[in-house]
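Beneath this line is the structure, given in structure tokens, with notes to follow.
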Amino acid sequence: MTNTTQPLIGARIGREPVAPEHPTRHELVDPATGAAWASVWYGGEPEARRALDSGARAQPDWAALTAGRRAAALRAVAADLREDRPAGELAGLITRETGKRIAESRAEVALSAAFFEWFADVVSGRAGQVWDHVPGLRHEVGDRALGVVAVLTPWNFPVSIPARKIAPALAAGCSVLFKPSEVAPASGLYLAEVVDRHLPNGVVSTVVGEPAVISDVWLADRRVRGLTFTGSTRVGRLLATAVAPRFTRAVLELGGNAPFVVLDDADLDLAVDVLMVAKYRNNGQSCIAANQVWAPRALADEFAARFGRASNRLVLGDPADEATTLGPLALPSDPARVDGLVDSSGGEVWRADTAVPRAGHFARPAVSVRPGRDSAFVREEIFGPAVSVLEYDAIEEVLEAVASSPYGLGGYVVGAPRRAADVARALDVGIVGVNTGSPNTPQVPFAGLKDSGIGVEGAQLGLDMFLTRQTVAVGDHR
Ligand code: NAD
């Protein structure tokens, strides 16, 4: 489907690629080699407007279909995504443009299908209600689709994050204006094509381009009733400000800085295994990546040494090669950024002596033991294969530090299950893995606290974000 010798066309409107009126061509760089592998024609303001007009026209008819018809379209999308295996065309694109290891890219495609399946199930099970609180009045309470929604997504999960938003929006009867990240547009455009195959004209439109040019058109227009954004807290704030004057409903899934708490009764080998997943998933570039390990003072050095030994066994290399266990970072500037954070952490720094490829955007795994608690390395999202190890004497110290962090997305606790679950419940974050590095799945809510965002994705609540309730009071007077 993707011919890399021809530039990709960054706009799909009316289920077709649309040549931009003022095209500018941008190269896409393969993080594993640092070389350009494809290019994309950016869409701009005219395409953003066309997409919006088309979405606004299509939305009422889409919402008027039965939930069952919409659910069937979602299931057809899911079936196509599941067929990506074993050929792996979409998975291959994700790996090519983000550097994600191929096994994780395949898992991302499967997870994306699961989001379409889940929201097909959820919408199929919804029903309106009739209440009889007032004599002579019948209150009919039903769901209405929010309307046209803008879907703006990051590069780090370029298919599953759009799926987590587009599936519930479509299930609810919304039309979608989709802007994939300009860092990873190829897999987003591929997803758009799969979705378009099963939907009426205009229900989904996709534009890749200068982010603010496109979002300014969409978010300034009253016809856009919802915004669902995943990305950095910085951009989330800009977008929240943009929609505030019209009180547009916004779901914002933003940055994180996940604590990883080792309890004094933890099995340290299990803790290392869990941290290997929580830290190195997506090459360290996950919003719920473990950033700070909190270990009891007596265990900190031993834990850091064991984690270091495990990290030394990582195989850095081509993410398309199954033997690779740590791929490159997506952006060319990221290895130096991560190294800089580690170097200025103020801790005792250990770096893996595993071989690091010369070409591409590779960063050497690093651990900083006892870094400054006020260092940027501890306070900010790392987004790379580096972690701090901090010591604690009493668990309250950890809980306070987490509560005072502006972030509140993910966290992890390793220890005897009952006590570890108690500690997890006391952590001021939205989702916690207890003795697991993979806490999330489509059926459960994913919702950041504080500067990590507002609104919920996943679960039944994920659908509610795209619905409004309407009450119709029907009098039985003739
Ligand atoms: P980003 O904020 O740079 O970009 C996200 C999206 O916003 C992209 O589509 C981008 O084009 C767009 N954008 C950028 N500047 C914009 C502007 N001025 N106006 C309008 N749109 C703009 O984030 P990223 O680097 O793509 O992704 C990494 C970030 O996303 C990390 O902070 C990570 O924690 C966060 N993230 C959060 C979750 C979550 O569920 N909470 C999941 C994944 C990633």
Checklist outcome for this item: Checked Val195, Val213, Val183 against criteria (outside any helix (DSSP H, G or I) and not basic (Lys, Arg)); the one match is Val183
Checklist entry - Which condition breaks for Ala78 when tested against (1) under 30 Å from Gly327 (Cα atoms); (2) surrounded by fewer than 22 Cβ atoms within 10 Å (Cβ to Cβ)? => result (2)
Checklist outcome for this item: Being open to solvent by less than 10 Å² (accessible area, probe 1.4 Å), in contact with a Pro (Cβ under 7 Å, 6 or more places away or on another chain) and either within 12 Å of the ligand (Cβ to nearest atom) or closer than 24 Å to Gln460 by Cα (or both) narrows Pro185, Pro168, Pro158 down to just Pro158
Checklist outcome for this item: Checked segment 1-50 for anything β-branched (Val, Ile, Thr) and within 19 Å of Val176 (Cβ to Cβ); matches are Ile9, Ile13, Val18
Item to check | Matching residues, segment 84-106, being in contact with a helix residue (DSSP H, G or I) (Cβ under 9 Å, 6 or more places away or on another chain) and open to solvent by 50 Å² or more (accessible area, probe 1.4 Å) | outcome: Arg85, Pro86, Glu89, Arg96, Arg101, Arg106
Checklist entry - Residues of segment 188-218 being among the hydrophobic types (A, V, I, L, M, F, W, C), open to solvent by 10 Å² or more (accessible area, probe 1.4 Å) and in contact with a strand residue (DSSP E or B) (Cβ under 7 Å, 6 or more places away or on another chain), which ones? => result Leu189
Checklist entry - Only one of (1) near the ligand (Cβ under 8 Å from one of its atoms); (2) assigned to a helix (DSSP H, G or I) fails for Phe229. Which number is that? => result (2)
Checklist entry - In segment 188-203, what residues are within 16 Å of the ligand (Cβ to nearest atom) and among the aliphatic types (A, V, I, L, M)? => result Leu189, Leu191, Ala192
Checklist entry - Does any residue of segment 171-178 turn out to be under 22 Å from Cys287 (Cα atoms), outside any helix (DSSP H, G or I) and within 18 Å of the chain's Cα centre (by Cα)? => result yes
Checklist outcome for this item: Being free of Cβ contacts under 8 Å to residues at least 12 places away in the same chain, over 22 Å from Val342 (Cα atoms), away from the ligand (no atom under 16 Å from the Cβ) and not hydroxyl-bearing (Ser, Thr, Tyr) narrows Arg425, Arg419 down to just Arg425
Checklist entry - Of the residues that make up segment 312-329, is at least one aliphatic (A, V, I, L, M) and within 16 Å of the ligand (Cβ to nearest atom)? => result yes
Checklist entry - Taking segment 299-320 as the search range and keeping residues that are under 30 Å from Asp30 (Cβ atoms) and of a type in the set (Gly, Ala, Ser), which one is most open to solvent (accessible area, probe 1.4 Å)? => result Ala320
Checklist entry - Hey, any hits in segment 25-46 for a residue that's assigned to a helix (DSSP H, G or I) and open to solvent by 70 Å² or more (accessible area, probe 1.4 Å)? => result yes
Checklist entry - Only one residue in Val176, Val134, Val130, Val109 is open to solvent by less than 20 Å² (accessible area, probe 1.4 Å) and more than 29 Å from Ser333 (Cα to Cα), so which one is that? => result Val176
Next on the checklist: Being farther than 17 Å from Gly255 by Cα and either at pLDDT 95 or above or assigned by TED's automatic domain parsing to the domain that holds Arg425 (or both): is that true of Tyr392 here?
Outcome noted: yes
Checklist entry - Going through segment 280-298 one residue at a time, which ones are closer than 20 Å to Val402 by Cα and either more than 16 Å from the chain's Cα centre (by Cα) or free of Cβ contacts under 8 Å to residues at least 60 places away in the same chain (or both)? => result Asn291, Gln292, Val293, Trp294, Ala295, Pro296, Arg297
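To keep it simple, each residue is scored yes or no on (1) within 17 Å of Tyr190 (Cβ to Cβ); (2) touching a Cys at 6+ places or on another chain (Cβ under 7 Å); (3) touching a residue at least 12 places away in the same chain (Cβ under 8 Å).
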| residue | (1), (2), (3) |
| --- | --- |
| Glu83 | yes, no, no |
| Gly92 | yes, no, yes |
| Arg101 | no, no, yes |
| Leu111 | yes, no, yes |
| Glu117 | no, no, yes |
| Ser124 | no, no, yes |
| Pro135 | no, no, no |
| Arg144 | no, no, yes |
| Thr153 | yes, no, yes |
Checklist entry - Among Val151, Val176, which is the only one that is among the β-branched types (Val, Ile, Thr), under 20 Å from Leu219 (Cα atoms) and touching a Lys or Arg at 6+ places or on another chain (Cβ under 6 Å)? => result Val151
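The values are calculated or read from the model by the stated rules, or taken from the named source; none is laboratory data. Just so we're clear, the structure is a prediction, and the values are computed from it rather than from any experiment. FYI the Cβ positions are ideal-geometry reconstructions off the backbone, even for glycines, and counts take in every protein chain you see. These accessible areas exclude ligands, DNA and RNA; they are computed on the full protein's heavy atoms, side chains included. Shrake-Rupley method; radii C 1.70, N 1.55, O 1.52, S 1.80 Å.
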